[in-house]
Amino acid sequence: MKSLREIYRIGLGPSSSHTMGPQKAAQLYAQHYPAAVAYHVTLYGSLAATGRGHMTDKAIEEVLTEIAPVTIEWQPTVFLPFHPNGMKFSMIDSEGKNVNEWTVYSIGGGALSEGKESRLVTHTEDVYSMKTLSEILHWCEANGRSYWEYVGQCEGEEIWDYLREVWKSMQEAVERGINTEGRLPGPLNLARKAPVYYIKATGYKQSLQSRGLVYAYALAVSEENASGGTIVTAPTCGSCGVLPAVMYHLSRAHNFSDDRIIRAIATAGIFGNVVKENASISGADVGCQGEVGVACAMASAASCQLFGGSPAQIEYAAEMGLEHHLGMTCDPVCGLVQIPCIERNAFAACRALDANLYATFSDGKHRVSFDRVVNVMRQTGHDLPSLYKETSEGGLAKDFD
């Protein structure tokens, strides 16, 4: 498995697969083929179906138009075999010929793949030798260690400085979001809700205030993402509000130190990494279960660790966080990361706290393992028709009025 730096990317929203990934692809192509008279980019499948709402074209044009004019072709009904988020870049040379075609895929979380070949994408080395949660759990129990200690052993001390930056960016996104009012971009004309939820929550008694604040924090980060603000993929842009909301709330309500929060974020990253390695975190590939579902699992694991959960209880919390999102479709209205995405982040954050509580009441023993749920999630996602996987052709997005 790769470094946690691949799971936690600090960047601009609104979509890791539809904004970050395509922009990174454009940067790679421009770097290798700068002598163009013009560029031509074809977007396929999910990228073409919801790319305008996710600002895919703007992300690509921002890079390539610095060199030459760009033409973008949209092919929403054509799905390339490797992944639904396919792109083909080519350039027009000085003789007017279309040359140097390059096909690449945005596979989720801002990551790119060329399928079986490797031309322009540099593949980073694996950092973790263990690729399943059962292996890692066994290592923890056999050595009397926790998940975050496994992270430190595999990644080295420098990972803690990076995760400190991740935590800083998460906090800043929450704080910007609860202090920013106004309308989100796009045709839905949605007003930001985080500031109102935050003010209302502070007026309730403690028992209700806690949930209201978690809602506010998740809304804050998700609304920052929807407006193209700086967020952290956890594991994606579309699900970026869940883990920050839970960590921000617990750090303030229970006075957990930054060091303990950062260790919890490391543990969350391990669970996200296992899903990315063995299934997918791409909504276009497996639906929203791979985005919000995985984010909930990550936040469940992190919060369980903070409250003293054993490695088995932490695994159980994460398993529940993912299992109870199985089958969730990705059906963004108007191709925007707004409805139902923002609200889903708020509910998943609270579900993560429930999963933690349920797991800590148990002894950690349960029948369905996290790895089993990951495998089921992958199969379920591949069984879903494409209209329920980030194409805005079905579900809530269909015939929206």
Subject >> Interatomic Cα distance distribution for segment 83-222, bins of 5 angstrom, percent >> reply: 2, 7, 9, 9, 10, 11, 14, 13, 11, 6, 3, 2, 1, 0, 0
**OP:** Hey, can you find the accessible area per residue of the chain for me, probe 1.4 Å, expressed in square angstrom?
**Re:** 41
Original post:
For segment 128-207, how big is Rg over Rh, using alpha carbon atoms and the Kirkwood form of Rh?
Top reply: 1.22
**OP:** Over segment 200-355, consider all pairs of different Cα atoms and compute the Kirkwood hydrodynamic radius from their mean reciprocal separation; express it in Å, one decimal.
**Re:** 15.2
Original post:
With r defined as the distance between the Cβ atoms of Phe347 and Glu95 and R0 fixed at 51 Å, what FRET efficiency is calculated, to the nearest 0.05?
Top reply: 0.35
Original post:
So, with a 1.4 angstrom probe, what is the percent of accessible area on the chain that is carbon and sulfur?
Top reply: 49
Original post:
Mind listing which GluC sites (Glu not before Pro) in segment 52-98 are in a DSSP loop and have 16 or fewer other Cβ atoms within 10 Å?
Top reply: Glu66, Glu95
**OP:** Please list the helices of the chain that count as membrane-span-like by this rule: a mean Kyte-Doolittle hydropathy of at least -1.0 together with Cα atoms stretching 24 Å or more along the helix axis, each helix being a complete DSSP H run.
**Re:** 158-178, 206-226, 258-278, 341-361
Subject >> Calculated FRET efficiency for the pair Asp399/Lys365, C-beta based, R₀ 60 Å, to 0.05 >> reply: 0.80
Original post:
Just the projected area, averaged over all directions, of the convex hull on the alpha carbon atoms of the chain: how many nm²?
Top reply: 19.1
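Mind ranking 303-309, 149-155 by how tightly packed they are, going by the mean number of other C-beta atoms within 10 angstrom, highest first?
Listed from highest to lowest mean packing, they are 303-309, 149-155.
Grab the beta carbon distance between Tyr204 and Thr65, set R0 = 51 Å, and tell me the FRET efficiency rounded to 0.05.
The calculated FRET efficiency here is 0.55.
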Original post:
Given labels modelled 7 Å from the Cα in the Cβ direction, how far is it in nm from Asp259 to Tyr358?
Top reply: 3.4
Original post:
Assuming a viscosity of 1.567 mPa s and a temperature of 4 °C, what translational diffusion coefficient in µm² per second does Stokes-Einstein assign to segment 303-401, Rh being the Kirkwood radius over Cα pairs?
Top reply: 87
Subject >> Mean projection area, nm², convex hull over Cα of segment 156-261 >> reply: 7.0
Subject >> Accessible-area value, Asp161, 1.4 Å probe, nucleic acids and ligands omitted, Å² >> reply: 110
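Largest first and in whole Å, give the semi-axes of segment 1-105's equivalent ellipsoid, each being the square root of 5 times a Cα gyration tensor eigenvalue.
Working: eigenvalues 103, 52, 34 Å².
Square roots of five times the eigenvalues give 23, 16, 13 Å.
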Original post:
If you keep only loop residues by DSSP, which trypsin sites (Lys or Arg not before Pro) in segment 231-312 have at most 13 other Cβ atoms within 10 Å of their Cβ?
Top reply: none
**OP:** Using only the Cα atoms of segment 214-299, build the gyration tensor, take square roots of its eigenvalues as a ≥ b ≥ c, and label the shape rounded, prolate or oblate: rounded if a/c is under 1.5, else prolate if a/b is larger than b/c, else oblate.
**Re:** oblate
Subject >> MRE, 222 nm, helices only [DSSP H, n ≥ 4, -39500 (n - 2.57), over the chain, to nearest 500] >> reply: -15500 deg cm²/dmol
Original post:
Using the per-residue mean of other Cβ atoms lying within 10 Å as a proxy for protection, in what order, highest first, do the peptides 13-23, 30-40 fall?
Top reply: 13-23, 30-40
Original post:
Within the chain, which cysteines find no other Cys whose Cβ is under 4.7 angstrom from their own?
Top reply: Cys140, Cys154, Cys237, Cys240, Cys296, Cys304, Cys334, Cys341, Cys350
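The values are calculated or read from the model by the stated rules, or taken from the named source; none is laboratory data. Keep in mind the model is a prediction, meaning the values are calculated, not measured. As a convention, Cβ positions derive from the backbone with ideal geometry for all residues, glycine included, and neighbour counts pool all protein chains shown. Areas reflect the complete protein model, heavy atoms only, side chains present, ligands, DNA and RNA absent. Shrake-Rupley method; radii C 1.70, N 1.55, O 1.52, S 1.80 Å.
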